[in-house]
Amino acid sequence: MLSPCTNVTRNLRMLPNGYAMLRARIIGTGSSLPNKILTNAELERMVDTNDEWITTRTGIKQRRIAAEGEFTSTFAVEASLRALEMAGISADELDLIILGTVTPDFPLPSTACIIQHEIGARKAAAFDISAACSGFVYGLSIADKYIRSGIAKKALVVGAEVLSRIVDWTDRNTCILFGDGAGAAVVDASDNDNGVLSTHIYSNGSFWETLYQVGSGSRNPATSKRTIDERLFYLKMEGNDVFKHAVRAMEEAACAALSANDMSPSDISLFIPHQANKRIIDATAKRLGLTEDKVFINLHNYGNTSAASIPIALDEANRAGRLSSGDIVLLDAFGGGFTYGSALMRW
Ligand code: COA
């Protein structure tokens, strides 16, 4: 019987894999979420929607929302400290901090620099990356390359968002989907078989207008009257288009990871996809032939937290004892841009 990936990988760009003995290995995870819970019942009082519609179309039951005085860095710093504590290392051992976010504290400086300062990572280089919901997988891919090349030994990869500040709370098409929070992972150089086996990251900018927030950049400055009048600082989305592309892209990225490592879906111990919509996750898992017990889902609690979704899920799976040494773990992401990608790890 053909593997579910046989047709999908035929035309994919394959990157060389395993060219160095070193690889990044996650040695600590952490997450942080706002205390405030916004339920579907509460949303019913804000826009024309209902719990039944949201649950059947998305699987989401509630999401966390940052309070006044809480920022992306608030959660990023807390998640990072928890990851460092689990890793048992101090912040000044870090060589690199990479933050995936589309809701940084400020355009300048990077929020990664705020994290660097607040956790006391005195010798780390720090930068943000903008890859939307694929931000953590992109960040892990970059950290892995720095470690494989021998330039960095220990890195902190974070995904953090306060999406509630760019969500249009009058738009029922989008406001039901998103939530706030952060997740982080400390990676260390590993010279054995445990760690990141491969990463594959991709983009397709031709679809950028299906998921975007165009206010406050150089095209539409935050100070311009048009940005305010046309509400350009809010997130906008063509849900149906995003849905279709997400399933196809996540299948492609997952299959690229498996093919590069001569594995098949049956080798996967735990599949941790981006938590955008339960129907997207179910459709992707079905295409890969994965059974429910191999798929980690927590989006009913948090909604779509963009770059934070995979590291929050990874931390929950880790702390729940779902990851054992030697397990094959597949991270699979898709987001605005479009961006997408996968990371295959031996835990
Ligand atoms: N409550 C009730 N009805 C709603 C609604 C809401 N919150 N949002 C939309 N609707 C209505 C629409 O207006 C439409 O009504 P109409 O038929 O009278 O025009 C109807 O529900 C169907 O809308 P549609 O957009 O076709 O629904 P859908 O099945 O595609 O589900 C999404 C909408 C957004 C849940 C789905 O497209 C999705 O999840 N897309 C991916 C989004 C995503 O994950 N983005 C981030 C990627 S990283």
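The values are calculated or read from the model by the stated rules, or taken from the named source; none is laboratory data. Remember, predicted model here, so these are calculated numbers, not experimental data. Here the Cβ is made from the backbone with ideal geometry for all residues, glycine too, and neighbour counts use every protein chain on show. Quick note on the areas: whole protein, heavy atoms, side chains included, nothing else; ligands and nucleic acids left out. Shrake-Rupley method; radii C 1.70, N 1.55, O 1.52, S 1.80 Å.
General remarks:
- The count of lysine pairs in the chain that are at least 8 places apart or cross chains, and whose C-alpha atoms lie under 20 Å apart, stands at 14.
- Distances between placed amide hydrogens fall under 5 Å for residue 304 paired with 178, 179, all partners being 5 or more residues away or on another chain.
- What the phi angles of the stretch 162-171 give under the Karplus curve with 6.51, -1.76 and 1.60, with θ = phi - 60°, is a coupling list of 10, 5, 4, 7, 10, 7, 8, 6, 10, 9 Hz, glycine and proline written as x.
- Efficiency of FRET from Cβ geometry, residue 325 and residue 228, R₀ 56 Å, rounded to 0.05: 0.55
- Inter-label distance for residue 193 and residue 106, nm, one decimal - labels placed 7 Å from Cα along Cα-to-Cβ: 4.9
- Two-site label geometry, residue 67 and residue 267: point separation in nm, points 7 Å out along Cα→Cβ: 4.7
- Debye, to nearest 20: dipole size of the chain, +1 on Lys, Arg Cβ, -1 on Asp, Glu Cβ: 500
- Loop-located trypsin sites (Lys or Arg not before Pro) in the stretch 140-231 (DSSP state other than H, G, I, E, B) with a sparse environment of at most 11 neighbouring Cβ atoms within 10 Å: 219.
- DSSP-defined beta bridges in the chain - what % are antiparallel, rounded to 5: 70
- Pairwise FRET efficiency - residue 218 versus residue 52, Cβ, R0 = 35 Å, nearest 0.05: 0.25
- Taking only the C-alpha atoms of the stretch 271-347, the Rg (one decimal) and the largest Cα-Cα distance, Dmax (whole number), read 11.8, 34 Å.
- Short-range pairs are left out: with C-alpha atoms under 8 Å and at least six residues apart, the relative contact order of the stretch 208-279 is 24 percent.
- Surface exposure of the chain, expressed per residue as accessible area with a 1.4 Å probe, stands at 43 Å².
- Calculated log₁₀ intensity ratio I(q)/I(0) where the Debye formula runs over C-alpha points of the stretch 218-328, q = 0.12 Å⁻¹: -0.54
- Loop trypsin sites (Lys or Arg not before Pro), the stretch 74-133 (other Cβ atoms within 10 Å of the site Cβ: 16 or fewer; DSSP): 122, 123
- Isolated Cys in the chain, by beta carbon distance under 4.7 Å: 113, 133, 175
- Proportion of all alpha-carbon pairs of the chain beyond 36 Å (%): 15
- With helices as the sole contributors, the chain gives -9000 deg cm²/dmol at 222 nm; each DSSP H run of n ≥ 4 counts as -39500 (n - 2.57), and the sum is divided by every residue.
- Taking all Cα pairs closer than 8 Å and separated by 6 or more residues, the relative contact order of the chain comes to 26 percent.
- The chain - percent of accessible surface contributed by carbon and sulfur, probe 1.4 Å: 50
- Mean Kyte hydropathy of 0.0 or more with a Cα span along the axis of at least 27 Å, helices from DSSP in the chain: 239-260
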